[in-house]
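Written out below as structure tokens is the structure these notes cover.
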Amino acid sequence: MEQAYDFEIQQSAQKVFDVMAPRISAEEMELLMKSYEFAKEAHKDQKRKSGHPYIIHPIAVARIAAEELKLDLHSVMCAFLHDVVEDTPHTKEELAELFGDDVAFLVDIVTKRKKDRYENTKQVDNYKQILDSVHYDIRALMIKLADRLHNMRTLGYKTKEKQLEKAKETLDVYAPLAHRLGISKIKIELEDLSLMYLDSVAYHEIVDGLKQMQSERDSYVENVRSVIADKMEALGIKCHIAARAKHIYSIFRKMYRQNK
């Protein structure tokens, strides 16, 4: 089993390196790999609720940062290292010495503050820290979104209580933040994943309905696309026509909240 995990871990990390390779120099690649190796060693004895080695999570966050959000080198390094200060004995000062002040700064911003006493509640103070990160550096907020996205993708391993708590938090805070930042793809996925836990019956009804109507919808969209393309060609206008289906949570809001 451990050998299978080792292979999966290395393959996942390599995908991050492959995505970043065209965007960074050979020296920067060495630094990126060094941040990965440091995180892997720091988390080596830790497991996730699923039983998987913990390092799988930072790798996944780094991949979202690199591939889906197309963030810079230091942001992806921070994604690898984002839980090191919070969950291991390593310090911000140590990261600064090894990887530079900017990476240490980003890790420090995304690290949840452990307090003996919270100003409001733990949850509210964490929200405040997320919003404060915008003031310091927008990259930190992007990393928080990548972190939350992977946590939502793997939420099935949590207790029912935690699933509902995280799903509501995501719908109330993280999805609107992604919307404000114009990251519609991540906003849509966060909303759909949240709905899956908050109202699984409605979620699966909509999913099943969409599957049953797939060919009919595809045919209708193609007919409309063809008509528009012919009209544009006749007018001598070059264009690209794209279409998208309304996502699950958007359908839910219209059907169940607006009684459509």
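The values are calculated or read from the model by the stated rules, or taken from the named source; none is laboratory data. Just so we're clear, the structure is a prediction, and the values are computed from it rather than from any experiment. Neighbour counts are summed over all protein chains in view; Cβ atoms, including those assigned to glycine, are modelled from backbone coordinates with ideal geometry. SASA here: full protein model, heavy atoms, side chains in, ligands and nucleic acids out. Shrake-Rupley method; radii C 1.70, N 1.55, O 1.52, S 1.80 Å.
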Legend entry - Which listed residue is among the β-branched types (V, I, T), assigned to a helix (DSSP H, G or I), closer than 19 Å to H150 by Cα and at pLDDT 95 or above, from V103, V76: V76
Inset, instruction - State the number of residues belonging to segment 137-150 that are in a loop (DSSP other than H, G, I, E, B) and surrounded by 22 or more Cβ atoms within 10 Å (Cβ to Cβ). - result: 0
Inset, instruction - Answer yes or no as to whether D108 is on the phi < 0 side of the Ramachandran plot, surrounded by 14 or more Cβ atoms within 10 Å (Cβ to Cβ), modelled with pLDDT under 95 and among the charged types (D, E, K, R). - result: yes
Inset, instruction - Take segment 131-154 and flag every residue that is modelled with pLDDT of 65 or more, under 19 Å from H179 (Cβ atoms), touching a Leu at 6+ places or on another chain (Cβ under 9 Å) and not basic (K, R). - result: L131, I138, A140, L141, M142, I143, L145, A146, L149, M152
Legend entry - Wholly enclosed helices (runs of 4 or more DSSP H) of segment 1-64 bearing at least 3 residues open to solvent by 50 Å² or more (accessible area, probe 1.4 Å): 2-20, 26-42
Inset, instruction - State the number of residues belonging to segment 218-250 that are part of a helix (DSSP H, G or I), small (G, A, S) and open to solvent by less than 80 Å² (accessible area, probe 1.4 Å). - result: 4
Legend entry - Condition check for E86: modelled with pLDDT of 95 or more, surrounded by fewer than 18 Cβ atoms within 10 Å (Cβ to Cβ) and either under 23 Å from K185 (Cα atoms) or charged (D, E, K, R) (or both): no
Inset, instruction - Those residues that are surrounded by fewer than 21 Cβ atoms within 10 Å (Cβ to Cβ), in contact (Cβ under 8 Å) with a residue 12 or more places away in the chain and either farther than 14 Å from L195 by Cα or more than 11 Å from the chain's Cα centre (by Cα) (or both), I need them from segment 151-176; list them, please. - result: N151, T154, L155, Y157, K158, Q163, L164, K166, K168, E169, L171, V173
Legend entry - Some residue of segment 29-42 being of a type in the set (A, V, I, L, M), at pLDDT 95 or above and under 21 Å from K112 (Cα atoms): yes
Legend entry - Residues of segment 178-187 that turn out to be open to solvent by less than 50 Å² (accessible area, probe 1.4 Å), in contact (Cβ under 8 Å) with a residue 60 or more places away in the chain and part of a helix (DSSP H, G or I), as a count: 1
